[in-house]
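The values are calculated or read from the model by the stated rules, or taken from the named source; none is laboratory data. None of these values were measured; they are calculated from a predicted model. Note that we place each Cβ from the backbone using ideal geometry, even for glycine, and neighbour counts take in every protein chain shown. Side chains are part of the model used for accessible areas, which takes the heavy atoms of the whole protein and leaves out ligands, DNA and RNA. Shrake-Rupley method; radii C 1.70, N 1.55, O 1.52, S 1.80 Å.
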Amino acid sequence: MKKYVCSVCGYVYDPEKGIPEEGIAPGTAFEDLPDSFVCPVCGVGKEDFEPEA
Amino acid sequence: MKPVKITDNIYWVGAVDWNLRNFHGYLTQRGSTYNAYLVIDDKITLIDTVKEGFTGEMLERIAGVIDPSKIDYIISNHSEMDHSGSLPEMLMRAPGAEIIASANGEKNLKEHFKWDCKVRAVKAGDTLNTGKYTFTFVPEPMVHWPDSMVTYLEAEKILFSNDAFGQHLATSERFDDEYSPDIIMEEARKYYANIVLPYSPQVQKALNDLSGLKIETIATSHGIIWRRNISRIIEAYKQWSSNEVQKKALIVYDTMWHSTEKMAETIAAAFSEQGYNYRILSLQQNHISDIMTELLEAEYICVGSPTLNNNMLPTVAAFLTYMRGLAPKGRKAMAFGSYGWGGQSVKQVHEILESCGYQMLESAGIKFRPDDEALKKIRESLIKAI
Ligand SMILES: [Fe+2]
Ligand SMILES: [Fe+2]
Ligand SMILES: [Zn+2]
């Protein structure tokens, strides 16, 4: 599973870890995040994320 | 207006905003400053600028040292307009100057000013040599914008920290050893609670990034420059960014006919009984930005609103919106209020507090005026729950 980077603030979503405190279980692929997902740091949506280079 | 010397080659050339009282909703009761710094070397560097409208004051100070057209570099640590507002005019005054910013800063400046001029984008650890001085750039995204950056000058052990460690405080004194340390810290605390708080995890990362640097001066973009109490402000940032709480409860409310107010007093009494410090904060008398400062290390936040036309009072909604954005973490919370019918406000307040991830105490809603019996019940069940 690929990591995704927030193009606004640089936050990295790591699917291995998920974001348990936001109710996103470890092992959740970026593609499987709900459309309502927002960057936990700066608040932008999924469309502002890019696969990590 | 004269420049203020920091070291032999470095000058404060900013501006003082004596009249600022509202920084998008933050009550800045002591005004503020926009700090810009001029560094004289073989090449001349200006670090940040000031808010539009204060450009003349900055230019006068620069002219007290050198002809502004001689500026070679302008480091833009942060593209928010209180620091970038003078950039367009500075580019006209110093047409040869090159702007230096973080990669996000470059994007922001170009989009914001609709520029196609050249901005040099730097990344962590990049440097700029101006003769005998070498500046090192450290982008600190989300402290407090995606573009935020700090600049370190090793030769003088100065950190140009931009908004970090700042205070909204208008003074002619420029250094922390020239002014009341308690007032500076109070304003630094209010600044943290109202601007920096949501980015506490990024602050911790930034403190870590900076921990290896030898820093003798922190040249902020607002307020006083730190040179005596550096460890005090660094320790305070460690503390504030930790989200650690103390035995303290805030009871924040508005009231129509004093019923919700009575409940607020009863709730405060229960906390007092349990050995908590507490603050009873009416939204009619207290500014939401001052309440945020009090909330910085409070374990409990209790919010009360009567029901007006099936809704919470607008003052309470405004406070909750502001607080949710500033996102203090890991608190315990409670909703309360009185009502004549319906009583929707208590549930609305409860839902917002719960959406902040807070551990919720049972809500207290009372129809019409709370009598002694009803207040006693609230007090007793709260004492058990705390
Ligand atoms: Fe800012
Ligand atoms: Fe600022
Ligand atoms: Zn982000």
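Laid out as a table, the results:
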item: Accessible surface buried upon A-B contact (total; probe 1.4 Å; Å², nearest 100); result: 400
item: Longest exposed-site-free window of chain B, the sites being GluC sites (Glu not before Pro) in a DSSP loop that have at most 16 other C-beta atoms within 10 Å; result: B:53-172
item: Where trypsin sites (Lys or Arg not before Pro) fall in DSSP loop in chain A, at most 16 other Cβ within 10 Å; result: A:Lys2, A:Lys3, A:Lys17
item: Per residue accessible area of chain B, 1.4 Å probe, in Å²; result: 42
item: In chain A, the GluC sites (Glu not before Pro) that fall in loop regions by DSSP, at most 14 other Cβ within 10 Å; result: A:Glu16, A:Glu52
item: Where labels lie 7 Å past Cα in the beta-carbon direction, separation of A:Ser7 and B:Asp126 in nm; result: 1.9
item: Label zone at B:Asn22, where the point sits 7 Å out along the Cα-to-Cβ direction: the stretch B:287-305 residues whose backbone N lies under 19 Å; result: B:287-292
item: Dipole-positive endmost among B:Leu250, B:Val203, B:Leu91 within chain B (Cβ charges, Cα centre); result: B:Leu250
item: The stretch B:130-164 versus the stretch B:241-293: alpha-carbon centroid distance in Å; result: 39
item: Student exercise, the stretch B:32-100 dipole from Lys, Arg, Asp, Glu Cβ charges, in Debye to nearest 20; result: 80
item: Interchain or long-range residues, amide H under 5 Å from B:Ile301's placed H; result: B:Leu250, B:Lys332, B:Ala333, B:Met334
item: Charge dipole magnitude, Cβ of K and R +1, D and E -1 - chain A, Cα centre, debye nearest 20; result: 100
item: The protein assembly as shown: C-alpha gyration tensor shape, a/c 1.5 cut-off, then a/b vs b/c; result: prolate
item: Set of aspartates and glutamates with alpha-carbon distance to B:Lys123 below 17 Å, sequence-local pairs under 8 removed; result: B:Glu98, B:Glu106, B:Glu140, B:Asp147, B:Asp209
item: Phi-based couplings in Hz for the stretch B:15-27 (Karplus 6.51, -1.76, 1.60; Gly and Pro marked x); result: 9, 9, 9, 5, 9, 5, 10, 9, 9, 4, x, 8, 6
item: Listing of the stretch A:1-34 residues, each with accessible area lower by at least 20 Å² in the full protein assembly than in the chain alone (probe 1.4 Å); result: A:Ser7, A:Val8, A:Cys9
item: Cross-link partners of A:Lys46 among lysines (Cα-Cα below 19 Å; sequence separation of 8 or more within a chain); result: A:Lys2, A:Lys3, A:Lys17
item: Helical contribution to [θ] at 222 nm, DSSP H n ≥ 4, -39,500 (n - 2.57), averaged over the protein assembly as shown, rounded to 500; result: -8500 deg cm²/dmol
item: Chain A - accessible surface per residue (Å², probe 1.4 Å); result: 59
item: Positive dipole terminus of chain B, leading residue within B:Ala63, B:Met323, B:Tyr152 (C-beta point charges); result: B:Met323
item: Entries in B:Lys51/B:Lys118; B:Lys107/B:Lys190; B:Lys51/B:Lys248; B:Lys329/B:Lys384 that, when Cα-Cα distance is taken, lie over 28 Å; result: B:Lys107/B:Lys190; B:Lys51/B:Lys248
item: Two-decimal ratio, chain A, of alpha-carbon radius of gyration to 2.2 N^0.38 Å; result: 0.98
item: Whole-Hz ³J(HN,Hα) from phi, Karplus 6.51 cos²θ - 1.76 cosθ + 1.60, for the stretch B:29-35, glycine and proline x; result: 5, 10, x, 7, 10, 10, 9
item: About the Cα centre, charge dipole magnitude for the protein assembly as shown (Lys/Arg +1, Asp/Glu -1 at Cβ), debye; result: 600
item: Residue range of chain B that is longest and free of chymotrypsin sites (Phe, Trp or Tyr not before Pro) which are both DSSP loop and sparsely packed (at most 13 other C-beta within 10 Å); result: B:19-256
item: With every protein chain in place, the stretch B:17-123: carbon and sulfur % of accessible area (1.4 Å); result: 51
